[in-house]
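Below: one structure, written as C-alpha cells.
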Amino acid sequence: VQLQASGGGLVQAGGSLSLSCAASGSISSILYMGWYHQVPGEQPELVARITSGGTTNYVDSVKGRFTISRDNAKNTVYLQMNKLKPEDTAVYYCAAVSELGRSYWGQGTQVTVSS
C-alpha cells in the first residue's frame, strides 16, 4: 500500500484546511485509514480514522471541528479541519492499517496555525 498525502499549510486561528490522502496498491486489504499528528519530541497521535465500513473515530480535542471522510471511487481519504487552533499545529501523517495489522504511512504534511 502506498499513501500520497497532500494539503496542509499555514492558516490563522479559526481558519480551515483540508488534507487528502490517496491510497494505491493492495487497498482491498485496508481495514482503516486515519490521520495522525506529531509535534516535536512526541509520538504521533491518532487524530481521526475511518474504517472500510465508514465508521469514524476522533480524538476528543478535534470532535466537532474535524471531519474525516472517504471517496472509495478515488481511494482517497480526506480530513477537513475547521476552527483550527494553534495547538493543532503539527506534522500530519496519513496512515493505513491492513487486516493483518500491518501499518503503512504516507509522507508528513505540515499544518501551522498562527494565533
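Tell me, which residue of the range 65-95 that is of a type in the set (Val, Ile, Thr) and either in contact with an Asp or Glu (Cβ under 7 Å, 6 or more places away or on another chain) or touching a residue at least 24 places away in the same chain (Cβ under 8 Å) (or both) is nearest to Ser114 (Cα to Cα)? Give the derivation first.
Taking the range 65-95 and keeping what is of a type in the set (Val, Ile, Thr), we get 67-68, 76-77, 89, 91.
Those left that are additionally either in contact with an Asp or Glu (Cβ under 7 Å, 6 or more places away or on another chain) or touching a residue at least 24 places away in the same chain (Cβ under 8 Å) (or both): 68, 76-77, 89, 91.
On the way: Ile68: 23, Thr76: 28, Val77: 26, Thr89: 8, Val91: 14 Å.
By that ranking, first place goes to Thr89.
For the range 16-37, name all the residues that are more than 11 Å from the chain's Cα centre (by Cα), surrounded by 14 or more Cβ atoms within 10 Å (Cβ to Cβ) and under 21 Å from Ser114 (Cα atoms).
Leu17, the sole residue that qualifies.
On the basis of being surrounded by fewer than 17 Cβ atoms within 10 Å (Cβ to Cβ), without any contact (Cβ under 8 Å) to a residue 40 or more places away in the chain and out of contact with any helix residue (DSSP H, G or I) (no Cβ under 8 Å at 6 or more places or on another chain), does Leu46 make the cut? Steps first, answer last, please.
On the way: surrounded by fewer than 17 Cβ atoms within 10 Å (Cβ to Cβ): yes; without any contact (Cβ under 8 Å) to a residue 40 or more places away in the chain: yes; out of contact with any helix residue (DSSP H, G or I) (no Cβ under 8 Å at 6 or more places or on another chain): yes.
Considered against the rule, which asks whether it is surrounded by fewer than 17 Cβ atoms within 10 Å (Cβ to Cβ), without any contact (Cβ under 8 Å) to a residue 40 or more places away in the chain and out of contact with any helix residue (DSSP H, G or I) (no Cβ under 8 Å at 6 or more places or on another chain), Leu46 comes out as yes.
Just wondering, is there one or more residues in the range 51-62 that are open to solvent by less than 30 Å² (accessible area, probe 1.4 Å) and of a type in the set (Gly, Ala, Ser)?
For the range 51-62, residues open to solvent by less than 30 Å² (accessible area, probe 1.4 Å) and of a type in the set (Gly, Ala, Ser): absent.
Would you pick out the residues in the range 90-115 that are surrounded by fewer than 19 Cβ atoms within 10 Å (Cβ to Cβ) and in a loop (DSSP other than H, G, I, E, B)?
Glu99, Leu100, Gly101, Arg102, Gln107, Gly108, Ser115
The values are calculated or read from the model by the stated rules, or taken from the named source; none is laboratory data. Bear in mind the structure is a predicted one, so any value in this text is a computation, not a measurement. Reconstructed Cβ throughout: ideal geometry from the backbone, glycine too, with neighbour counts over all protein chains shown. Only protein heavy atoms, including side chains, enter the accessible area calculation; ligands, DNA and RNA are left aside. Shrake-Rupley method; radii C 1.70, N 1.55, O 1.52, S 1.80 Å.
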